[in-house]
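Comments concern the structure below.
The values are calculated or read from the model by the stated rules, or taken from the named source; none is laboratory data. This structure is a prediction, so every number in the text was calculated from the model and none was measured. Cβ coordinates were reconstructed from backbone atoms using ideal geometry, including for glycine residues, and neighbour counts include every protein chain displayed.
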Amino acid sequence: MKIMKKVLVVLLMLVVAGMAFAGGDKEEGGMALPGAPAPFDGSKEVHIALVRQMVEGEFMQLWRAGAQQQADLMGIKLTVLGKNMDNKAEADFVYQAISMKVDAIIIDHGLTETMTKPAEDALAAGIPVIAFDVDLGNPAIPQIAQDDHALGMMALEQMLEDFNGQAKIGYVYVSGILPLDKRDESFTKLKNENPGMVEIVRTGTLESPFSVKNADQVSASLRANPEITAYFSPFDEFAKGVVMALEEMDRTDILVYSADISTQDIELMTTPGNPWRATAACNPSAIGAASVRGAAMLIAGLELPHDILITPMLFTNDMLIDGGITNMTNLKEKYPAFNKSDAATASWIPEI
């Protein structure tokens, strides 16, 4: 009888161990979104990798925060991989994401020549890819972007109006970065159509810290070209450097026109006597959220257009001061249209 009891105990232990082992192999369920297709019906936990080239600056921090907030709302595990302006590391991170067997990869910024092959290899591994502000030259990879042509032109048209078509312009620009290249096309168009808008000098670096390094270049170029009356710096980290240089040189008579916006930008633009006149921008948090939604739709097997554009808005220092706007929260409250984007969405995806 004692032997029989021992045998039964051993058998029971083996059964329990077998159940535990089987449970270890079973894929964990995820959050069930009402009316959602698989795997967002709770059949599994969804895992997305966000691979980033650029992480410095408040814009990029807000972008990531929006992506994380959207992922949390949908029960998505979001793994963020990035090393500032390290293109080789960004490519390596894609392969790391592939080895992790994620459900989708978001590629945020980068160079076409370093990211095209890793993106293709991800697709070959059966992992959908979506990109923000990098042209991967692949019709199977949807590309999310701010409407950079409009964004650049909005700020430039404000400059054109302020200077009555006659400005001597300092320009801060680095080629090879897709959004900056598109904004450069807008600048070229403006100059061609308005002979009085003359580019005097061009500088620009993506050496970190962006604002400080660009301030050094602007100071040097301004000493050699004191006739400059306006600066076009279509990236807010560049604009911060321009403002820094102008204040140090006591040349706040020169007005600054830029792209992108953040709380720090607003604080500068609303400071009395600050030369930062206008900036055109999309809500970076909304762009990050749209990128996650787009990746989720690809995971669910839904089609997306190849080009997904986020519409920008123009903000002048007068608008911000008159509206009593001191930070991004105030800005979103004052301008609800700036708060979110309808790009890449579906009825089953919860809104932020």
Candidate set from the range 274-288 (those that are modelled with pLDDT of 95 or more and out of contact with any Pro (no Cβ under 7 Å at 6 or more places or on another chain)); member that is nearest to Gln69 (Cα to Cα) | Gly288
Subset of the range 316-329 (residues that are free of Cβ contacts under 8 Å to residues at least 60 places away in the same chain, surrounded by 15 or more Cβ atoms within 10 Å (Cβ to Cβ) and farther than 19 Å from Val256 by Cβ) = Gly323
Quick one: in the range 52-80, which of the residues that are outside any helix (DSSP H, G or I) and more than 14 Å from the chain's Cα centre (by Cα) is surrounded by the most Cβ atoms within 10 Å (Cβ to Cβ)?
-> Ile76
Residue list for the range 82-105, restricted to those being of a type in the set (A, V, I, L, M, F, W, C) and surrounded by fewer than 18 Cβ atoms within 10 Å (Cβ to Cβ) | Met85, Ala89, Met100
Report whether or not Ser233 is modelled with pLDDT of 95 or more, more than 18 Å from Arg277 (Cα to Cα) and buried (at least 16 other Cβ atoms within 10 Å of the Cβ).
-> no
Might you let me know whether the range 289-310 holds any residue that is under 17 Å from the mean Cα position of the chain (by Cα), assigned by TED's automatic domain parsing to the domain that holds Ala140, within 26 Å of Gly241 (Cα to Cα) and modelled with pLDDT of 95 or more?
-> no
Test result for Glu227, at pLDDT 95 or above and either among the hydroxyl-bearing types (Ser, Thr, Tyr) or more than 27 Å from Met60 (Cα to Cα) (or both) | yes
Look at the range 107-127 and say how many of its residues are buried (at least 24 other Cβ atoms within 10 Å of the Cβ) and either outside any helix (DSSP H, G or I) or not assigned by TED's automatic domain parsing to the domain that holds Ser291 (or both).
-> 3
Out of all the residues in the range 145-157, is one or more surrounded by fewer than 16 Cβ atoms within 10 Å (Cβ to Cβ), within 24 Å of Asn225 (Cβ to Cβ), not assigned by TED's automatic domain parsing to the domain that holds Glu56 and not polar (S, T, N, Q)?
-> no
For Ala49, indicate whether it is assigned to a strand (DSSP E or B) and surrounded by 20 or more Cβ atoms within 10 Å (Cβ to Cβ).
-> yes
Could you say which residue among Leu151, Leu206, Leu180 is in a helix (DSSP H, G or I), out of contact with any helix residue (DSSP H, G or I) (no Cβ under 7 Å at 6 or more places or on another chain), touching a residue at least 12 places away in the same chain (Cβ under 8 Å) and under 27 Å from Arg52 (Cβ atoms)?
-> Leu180
Filter result (over 28 Å from Phe238 (Cβ atoms) and touching a helix residue (DSSP H, G or I) at 6+ places or on another chain (Cβ under 7 Å)) within the range 77-96 = Leu78, Tyr95
